[in-house]
1. Can you pull out every residue in the stretch 138-160 that is under 18 Å from the mean Cα position of the chain (by Cα), open to solvent by 40 Å² or more (accessible area, probe 1.4 Å) and in contact (Cβ under 8 Å) with a residue 60 or more places away in the chain?
2. For residues that are among the acidic types (Asp, Glu) and touching a residue at least 12 places away in the same chain (Cβ under 8 Å), tally how many sit in the stretch 117-137.
3. Step by step: first the residues of the stretch 28-46, then only those that are crowded, with 20+ Cβ neighbours inside 10 Å and of a type outside the set (A, V, I, L, M, F, W, C), then the one that is nearest to GLU172 (Cα to Cα). Which residue is that?
4. Which is open to solvent by 50 Å² or more (accessible area, probe 1.4 Å) and under 18 Å from the mean Cα position of the chain (by Cα), of GLU112, GLU135?
5. Within the stretch 205-222, which residues are of a type outside the set (Lys, Arg) and in contact with a strand residue (DSSP E or B) (Cβ under 8 Å, 6 or more places away or on another chain)?
6. Residues in the stretch 47-68 that are open to solvent by less than 50 Å² (accessible area, probe 1.4 Å), part of a helix (DSSP H, G or I) and touching a Leu at 6+ places or on another chain (Cβ under 7 Å): how many?
7. For the stretch 17-37, enumerate the residues that are in contact (Cβ under 8 Å) with a residue 60 or more places away in the chain and closer than 28 Å to LEU233 by Cα.
Amino acid sequence: MTKEDLYAPIYEKYNELKIALTGTDIDKIRELTLEVHAMVHPAEISGKTGKTIADFVLDYMLKGNQNTIVPREDYDVDLHYAGTRTVPLCWQFWHTYRIEDLVSNILMANQEQIFNVEWQRKINSSITDTGNALEFDEAIAFGNALNVEFLREYMITVGKNTRTILENLTLEQINSMVPEEWVMRILEEGGVTTDFRSVWLLVFWGRLTRGGMILTPMTNHHMMHLPPCINNLPILDD
């Protein structure tokens, strides 16, 4: 099986979601949102049977490969504003789930994020932000210190919490942007830094409706960062 074969069903469902978000059928929007979210997260989060792509990568990481160096992305999206183009594999999960935590809780639901001092201590992370601006040597040091078992626990907690938020969004909320002060909370709480390679995220997120957040941080963002992590896994054809 090729990487393209693995991702084809996800992109097909994702395109259905994009179309649904232009309409008013809230039940269809919720159904597709949760389905795509499940496809790009570990199965434990949604209760799916069978492994997802995220499960294969997570399993590989937990077998002593947290510091395997991988491309940050397979294609050039936000790399112009990046500290490094290659990262330890564990950085990918930290980055995507910190963003999901920040956006789902602070922006989509206006509530407290999951991450706190206790989670930082358990994961043994040197940073509280998304890691966008880390230089290569900083990313290596970050990965070496990370407790990936607790990172996994954080990921599962974030993903399950996100699904509860997504299940309860109204059509009005999905079509609405959020107040600027909610966006600035992310900077105030250390979710991004003042480095331009990090703080630009606030501009990007601040221009999105919650529907746009569903399409990017909640789903497509994972689809950007998982592909480079599976290049060496046995699920792919030689």
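The values are calculated or read from the model by the stated rules, or taken from the named source; none is laboratory data. None of these values were measured; they are calculated from a predicted model. Ideal geometry is used to build each Cβ from the backbone, glycine not excepted, and the neighbour counts take in all protein chains shown. These area figures cover heavy atoms from the full protein model, side chains too; ligands, DNA and RNA do not enter into them. Shrake-Rupley method; radii C 1.70, N 1.55, O 1.52, S 1.80 Å.
1. Once the filter is applied, which keeps residues that are under 18 Å from the mean Cα position of the chain (by Cα), open to solvent by 40 Å² or more (accessible area, probe 1.4 Å) and in contact (Cβ under 8 Å) with a residue 60 or more places away in the chain, the stretch 138-160 yields GLU149, ARG152, LYS160.
2. Residues that pass the stated criteria total 2.
3. THR33
4. Among GLU112, GLU135, only GLU112 is open to solvent by 50 Å² or more (accessible area, probe 1.4 Å) and under 18 Å from the mean Cα position of the chain (by Cα).
5. GLY206, LEU208, THR209
6. Matching residues across the stretch 47-68 total 5.
7. Restricting attention to the stretch 17-37, the residues satisfying the condition of being in contact (Cβ under 8 Å) with a residue 60 or more places away in the chain are 17-18, 21, 24, 26, 29-30, 33-34, 36-37.
Selection gives THR33, LEU34, VAL36, HIS37.
Condition check ((1) under 18 Å from TRP94 (Cβ atoms); (2) modelled with pLDDT of 95 or more) across all residues:
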| position | (1), (2) |
| --- | --- |
| LYS18 | no, yes |
| THR24 | no, yes |
| LYS28 | no, yes |
| LEU32 | no, yes |
| HIS37 | no, yes |
| ALA43 | no, yes |
| GLY50 | no, no |
| MET61 | yes, yes |
